[in-house]
Amino acid sequence: MIDILMDKFLTIGLEHFLILSGTLFFIGLFAVLAKKNVIAVLMGIEIMFTSVNINLVAFNKYTAAEALLTGHVFAIFVIALAAAEVAVGLALIISIYRQRTSTDVQDFDWLKW
Amino acid sequence: MTMAVMFYLIAFVTLGSAFMMVISKNIFHSALLMLISFIGVAAVYILLHADFLAAVQVLVYAGAITIFIVFGIMFTMKGDPRKTNPFSKNAIPAAVLILLFIVINAVTVIKTVWPFSNIAPPETTVKAIADLMLTKYVVGFEVTAVLLLAAMVGAIVIVKGVKKSS
Amino acid sequence: MFDFALNNAWLIPLFPALAFGIITLFTKKMTKLSVSISIGTILLSFVLSVIIGIGVIGQGDTFLEHPYKAVVTWFSMPGFSIEVGTLIDNVSVMMLLVVTFITSLVQIYSLGYMHGDPGLARFYAYVSLFAASMLGLVIAPNLLIMFVFWELVGLCSYLLIGFWFGKISASAAAKKAFITCRAGDFGLLLGIILLQINFGTLDLQQLSVMIPNFTQYTGLTAAGLTAIAIILFLGPMAKSGQFPFHVWLPDAMEGPTPVSALIHAATMVVAGVYLVGRILTLFITLPSALLFVAIIGAFTALFAATIAITQTEMKKILAYSTISQLGYMMLALGAASLTASMFHLMTHAFFKALLFLGAGCVLHAMHNEASIWKYGGLKKYMPVTYWTFLIGCLAIAGIFPFAGFFSKDLILEVTFAASSLSGHAQGPFPVAYTVLFLMAALTAFLTAFYMFRMFFICFHGELRSKEVQPQEAPKVMTVPLIILGIFSIISGWVGWPGLGEGQAFGYFVRLGEFQVMEANWLLIILSTLLALLGIGLAALFYWKKTFSAQAVIERVPFLYKLSYNKYYIDEFYLWIIHHIIDKCGWLLWKFDIYVVDGIVNGFGKMAQWGGTVMRKVQTGQLQHYALIFFMGIVLMFLLLSFTGVHSPAIGLMGGAK
C-alpha cells in the first residue's frame, strides 16, 4: 500500500501537474479575495492566469490525441490575454487612484446602496 | 527519480514564493516573489518539454508583466512600504475557502480517471507551434493581435482620460 | 336580376355604410354632395330591396320554408363559430322594404326640414349609418351579428338624439337613451351568451330547430330556458321602450324630428320587436316566457296610452303613442303571432312616420313652439299637413279602411283567441290573456282619444299663438307626407280578413301553419266602436267644447297629475340613482380607496421595506461578491459530489438533464 503510494508520489505524471497548477490557482485566488491593495489583487490574477497555462500544457503532453501542440498555442493566447489584461487593469487602477488617491479595494464601493 | 526531485523542488519554489507573495506585508516584496513564482512556472514548462513556452513565460511574465506591476506599485505607493500590502477583513473566510478548494481540487484530480494517450508531442516545439498558429489558428492569432492593439489603445485612453468635447 | 339582388343582399346595408364612410372622411365640408351621396345610396338600397321583395313575394312562402342564406365564417373555434352574411326570408324582406322605404322618405323630407342647418352633412352621415346598422340587423344570420348591429343602432340613436349637442337637454337625452338601452343590452348579451353555452350555436335557423326540442340538446329545464328567454328579452324591452325601460323614448324627442320619425317608425325601436320575432320559437316553446312578453306588451300599451292623454307636446304624445303601439306588437308576439306583430310593425311604420313627419311640418311652421296649447286652427294654414295628419290619426286609431284598423284588429283577434273569452282558448293561460285582451281593447279606445285630442287642439279652433304666422311646408316635405299617407291607407289591405294563400299578409309572414283569418265581426265592431268612442269624446272635449277638460281634471286632480308627470317614473329612477346607486358608488369608492388601494399600496410598501432591508446585502465590495460567488461554487460542487450527476439538485442549479 505504502509502496504504491510512494510509487505514485515519485512517478511524476499528469496529476502532479494538475495539483500544482490548481494549488497555484487557488493561491492566486486567495490573493484576489484577501488582499487590500488592488495591485496585490492584480498580481493574484496574474498568478491565476499562469497556473491555467500549466494545465493546458500538461494536458497537451499527457492526453493529446494528436501529435500537435494545440495546448501550447492556447497557452500563448492566454499569455497574450494576460498581457493585455494587466495593461488595462493597471490603467484602470491608476485612473481610479487619480480620482480617489487610494489603492484599497475596500474603497472601491461605487456599487454600494 | 531525478524527475521527481526536480518536480518537487520546482513546485516548492513556485508555490512557496506564490504563497509568500500573498503573505508578505510589503507590496514590493510581493512583486519580487511573484517574479520568482513566474520563473518557477517557466521551469515547470521545461519539465513538460515546452521550451518555447518557458522562454515566452520568462519574457512576458517575468519580464513585461512584472515590470508593469512594479510600475504600478511605484505610481501608487505612499507611506511606509512595510505596511503597503495588508490583508482585508475577508482574509479568514477566504483562507478557509481556499483550503477547501485546494482539497477539493486535489481529491478530484486524484479520483478522476484521465484519458491518457501514448502519442508523443513533437520535439521541436517552435516549428510545431508556428505551424499551428499560422494555419489552423490563424484567426485566433489575428484576433489576439487586434485584442492587444485594443488593449493598448484602451489603456492609454483610460489613463489619459478623454477630453470632454463641449 | 332577382338572383343578382339576392346574392348581393349584403350590399343593402353596405351602401348606406359606404355613404357614412365617404361623408365623414371626405365630403364633410361639401354639404350638397354629402346629401346627394346619402340619398343616392339609400335609394339604391331601396331599389335592391324592392327587387328582392318582388322576387321573394313572387315565390310565395318558398323563402319562409327555405330562407336564402349566404354566409362566410368570420371566426371559429371548437364549439363556437360565427358567420357573417345574409339571411333572407319573408320577414327580413318585409323589414328591408319598410326600413329602406321609410329611411328614403325621411332623408328626402330632411332636405326641407333640416335646410340650412350647419351640421347637415353630419346629419346625413349619421342617418346613413343608422340605416346601415338597422339593415344589417335585419339580414343578420345569427344573434351575435345581430347584437353587433343592435349596438350600432344604439350608437346611432345616441348620435342623432344628441345631434344638437349644444343643447344640454339634447345631450342629456342622448345619454339617457344610450344608458337605458345599455342596461337592457346587458341582459340581451347575457341571454345570447347563455344560448351559446347551452345550444352551442347562435345561428337563427339552427336555433329555431333546436329550441323546440331543447331537452334533447341541452340539460336545461323549462324553467332554466324560461329564465334565459326573459334575460334575453331585457334587450328588446329596452330597445323597444317597454316598461320599465320606456323612459328614454319620450326624451329622445330632443333630436331633430326626422330622426324621431326614423327612430320610431323604421329603425330603432322596432329592432326589439324584430329581434323577438326572429327568435319567437324560443318564446313559443316556453308559455311562461310568452306570457311575460304579452304582459309587458299589454301593460306598456295601456300605461303609455294613459300618459299620452295629458301630455302637451306633440312629439311627446307621439312618443308615448309609439310606446303604446310597440306594446301592442309585443302583445301580439306574446300571443305567439308573428304575423300580427310584423303586420302592425309595418303599418305602424307607415303611419307613425307620417305622424312624425307631419308633426315636423307643424313644428317647422310654428318655429319649434312645442306646446300644443299654442297651436290651433292650423287646418287653414297647412291643408296638406292637415289631411295627411288626419289619415295618420285615423290609421293609428284603427278606423276602417285605414292600415291601423287591420293590424290592430289582428292583434286583438290573436289575443282574443288566446283568451278564455273565445270559448276554446289555446295555450295554458286563458284567464291572463283575457285580462290582456281587455287591456288592449281599453288601449285602443285611449289611443283614439289622445290622438284626436291632439289633432283637434292642433288643427281646429283658433290659432292661440300670436307670434307666428304658420305656413305650409315646402314640397320636399309634403310629398313624402302624401306618399306615406297613401301607404297608411293601403298597407293594411294586405291583411284583409279572408284573404287566402298567396294573397294575405299572414301567408307571407308567419310562423307555423297558415290559417285563413276569418273576420271576427264581434271584434271588428267592438274595436271600431271603441275607436269611434274615443274620437267622439275627443271631439266633444276639444273641438265642440261640449265638456270642459278642465272640469274633469279638477274632479280627479290626482289622476291627472299622475298621468301628466308620467307616473313619476323618471323621478323614481332619479331617486334610485341619487339615493341607492350613488350610495353604493360611495361605498365602492371608499372600498376602493381603503381596501383596494390599501392592498396595492401595501404591496408597494412591502417592496420598499424589503428593498431597504435587502439592499444591505449590496456592499459594493468587489471581494465580497467574489467570495460569495466562489462559496457558491464550493457548495454546488459538494452538493453534486454527494448527490450524483443525475440528482434533482442539478436541476435546481439550472443545469440541463
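The values are calculated or read from the model by the stated rules, or taken from the named source; none is laboratory data. Note that the structure is predicted; figures quoted are calculated from it, not measured. Cβ: placed from backbone, ideal geometry, glycine included. Neighbour counts: every protein chain shown. In case anyone asks, the SASA skips ligands and DNA or RNA and just uses the protein heavy atoms, side chains included. Shrake-Rupley method; radii C 1.70, N 1.55, O 1.52, S 1.80 Å.
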Pick from C:576, C:599: which is more than 27 Å from residue A:109 (Cα to Cα), open to solvent by 60 Å² or more (accessible area, probe 1.4 Å) and either aliphatic (A, V, I, L, M) or assigned by TED's automatic domain parsing to the domain that holds residue C:311 (or both)? C:599
Answer with yes or no whether residue B:96 is farther than 26 Å from residue A:60 by Cβ and modelled with pLDDT of 90 or more. yes
Residue within the range C:158-178 that is surrounded by fewer than 22 Cβ atoms within 10 Å (Cβ to Cβ), without any contact (Cβ under 8 Å) to a residue 60 or more places away in the chain and part of a loop (DSSP other than H, G, I, E, B) present: yes
Could you list, in sequence order, all residues of the range B:96-141 that are farther than 16 Å from residue A:24 by Cα and small (Gly, Ala, Ser)? B:117, B:120, B:128, B:130, B:140
Verdict on residue C:384 being surrounded by fewer than 24 Cβ atoms within 10 Å (Cβ to Cβ) and outside any loop (DSSP other than H, G, I, E, B): yes
I'd like to check something: does the range C:374-393 contain any residue that is in contact (Cβ under 8 Å) with a residue 12 or more places away in the chain and on the phi > 0 side of the Ramachandran plot? yes
Only residues that are modelled with pLDDT under 85 and of a type in the set (Ser, Thr, Tyr): list them for the range C:241-280, please. C:257, C:260, C:267
When you look at residue B:138, is it more than 10 Å from chain A (Cβ to nearest Cβ), surrounded by 11 or more Cβ atoms within 10 Å (Cβ to Cβ) and closer than 17 Å to residue A:73 by Cα, yes or no? yes
How about the range B:90-127: which of its residues are within 30 Å of residue A:67 (Cβ to Cβ) and open to solvent by 60 Å² or more (accessible area, probe 1.4 Å)? B:110, B:111, B:113, B:115, B:116, B:118, B:119, B:120, B:123, B:124, B:126, B:127
Would you be able to tell me the number of residues in the range A:93-107 that are under 14 Å from residue A:37 (Cα atoms) and either open to solvent by 30 Å² or more (accessible area, probe 1.4 Å) or more than 8 Å from chain B (Cβ to nearest Cβ) (or both)? 8
Quickly run through the range B:105-119 and pick out the residues that are of a type outside the set (Ser, Thr, Tyr) and either within 7 Å of another protein chain (Cβ to nearest Cβ) or touching a helix residue (DSSP H, G or I) at 6+ places or on another chain (Cβ under 6 Å) (or both). B:105, B:106, B:109, B:110, B:114, B:115, B:116, B:119
Any residue that is in contact (Cβ under 8 Å) with a residue 60 or more places away in the chain, facing another protein chain (nearest Cβ under 7 Å) and under 21 Å from the mean Cα position of the chain (by Cα) - is there at least one of those in the range B:122-130? yes
Which pairs do you get when a residue that is in contact (Cβ under 8 Å) with a residue 40 or more places away in the chain, found in the range A:64-79, comes within reach of a residue that is among the polar types (S, T, N, Q) and in a helix (DSSP H, G or I), reach meaning Cβ atoms under 6 angstrom, with the pair 6+ apart or on two chains? none
Only residues that are more than 7 Å from chain A (Cβ to nearest Cβ) and under 15 Å from residue A:45 (Cα atoms): list them for the range B:56-65, please. B:62
Every residue in the range C:602-624 that is open to solvent by less than 100 Å² (accessible area, probe 1.4 Å) and either touching a helix residue (DSSP H, G or I) at 6+ places or on another chain (Cβ under 8 Å) or closer than 30 Å to residue A:31 by Cβ (or both), please. C:617, C:618, C:619, C:620, C:621, C:623, C:624
Taking the range B:156-166, which residues are within 8 Å of another protein chain (Cβ to nearest Cβ) and either open to solvent by 80 Å² or more (accessible area, probe 1.4 Å) or modelled with pLDDT of 90 or more (or both)? B:156
Scan of the range C:393-409 for residues that are charged (D, E, K, R) and within 23 Å of the chain's Cα centre (by Cα), ordered by number: C:408
If you go through the range B:33-51, how many residues are more than 7 Å from chain A (Cβ to nearest Cβ), open to solvent by 70 Å² or more (accessible area, probe 1.4 Å) and touching a residue at least 40 places away in the same chain (Cβ under 8 Å)? 1
Test: residue in the range B:72-89 that is closer than 30 Å to residue A:70 by Cβ, of a type outside the set (A, V, I, L, M) and free of Cβ contacts under 8 Å to residues at least 40 places away in the same chain: no
Of all residues in the range A:57-113, count the ones that are of a type in the set (Lys, Arg) and within 30 Å of residue B:44 (Cα to Cα). 1
Within the range A:28-59, which residues are open to solvent by 10 Å² or more (accessible area, probe 1.4 Å), within 7 Å of another protein chain (Cβ to nearest Cβ) and of a type outside the set (A, V, I, L, M, F, W, C)? A:36, A:37
Checklist (1) more than 7 Å from chain A (Cβ to nearest Cβ); (2) closer than 24 Å to residue B:39 by Cα applied to residue B:68, failing item: (1)
Counting only residues that are at pLDDT 80 or above and open to solvent by less than 20 Å² (accessible area, probe 1.4 Å), give me the helices (runs of 4 or more DSSP H) lying completely in the range C:415-526 with at least 1 of them. C:430-459, C:475-490
Taking the range B:72-87 only, how many residues are of a type outside the set (Gly, Ala, Ser) and facing chain A (nearest Cβ under 7 Å)? 7
Residues that are facing chain B (nearest Cβ under 7 Å), open to solvent by less than 40 Å² (accessible area, probe 1.4 Å) and either among the hydrophobic types (A, V, I, L, M, F, W, C) or closer than 19 Å to residue B:152 by Cα (or both), drawn from the range A:60-81: A:64, A:69, A:73, A:75, A:76, A:77, A:79, A:80
Out of all the residues in the range C:66-88, which are closer than 11 Å to residue C:140 by Cα and not basic (Lys, Arg)? C:70, C:71, C:83, C:84, C:85, C:86, C:87, C:88
Does the range C:82-102 contain at least one residue that is surrounded by fewer than 23 Cβ atoms within 10 Å (Cβ to Cβ) and touching a Gly at 6+ places or on another chain (Cβ under 6 Å)? yes
